[in-house]
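Colleague: This is the structure I want to talk about, given as structure tokens.
Bear in mind these aren't lab numbers, they're just calculated from the coordinates by the rules spelled out. Everything quoted here is computed from the prediction, not taken from an experiment. Note that we place each Cβ from the backbone using ideal geometry, even for glycine, and neighbour counts take in every protein chain shown.
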Amino acid sequence: MHYLLIYDAAPDYAERRVPLRAAHLAHAWAAVERGELVLGGALADPIDGAVLLFDCESPAPVEAFARADPYVLNGLVARWRVRPWTTVVGALAQNPIRPSA
């Protein structure tokens, strides 16, 4: 199942993330290596949040990721939430639906 981890950034996120970025990225790449995290990145223009796409059997690894993320632990993330995402189009779609002929 695909899950989206959605971060709402604290107002000073862009400035405060610099000293924590290496630890956050190490945390994210570890999740990639475990086969959980597919894609992740900050929203731009404005930088006011981030979205991370996970492929897991349940939301538990996604929630654990957020709870241990240096950005969350240090208050750079004002709010986070996990949403199941039913993917239907694209090479990685888990529930592909093709148009009827």
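Colleague: Compute the length gained on full extension between Val88 and Val32: take 0.36 nm times their separation in residues and subtract their Cα-Cα distance, giving the result in nm to one decimal.
Modeller: 17.9 nm
Colleague: Please compute the net charge surrounding Ala31, taking Lys and Arg as +1 and Asp and Glu as -1 over other residues with Cβ under 13 Å from its Cβ.
Modeller: Result for the neighbourhood of Ala31: -3.
Colleague: What's the local net charge at Phe54, with K and R +1, D and E -1, over the other residues with C-beta under 15 Å away?
Modeller: Overall, the nearby charge balance is -2.
Colleague: Let me ask something else about it. Counting other beta carbons within 10 Å of each Cβ, put Asp69, Asp48 in order, fewest first.
Modeller: Asp48, Asp69
Colleague: For every helix of n ≥ 4 consecutive DSSP H residues, a contribution of -39,500 (n - 2.57) applies; sum these over the chain, divide by its total residues, and give [θ] at 222 nm rounded to the nearest 500 deg cm²/dmol.
Modeller: About -7500 deg cm²/dmol.
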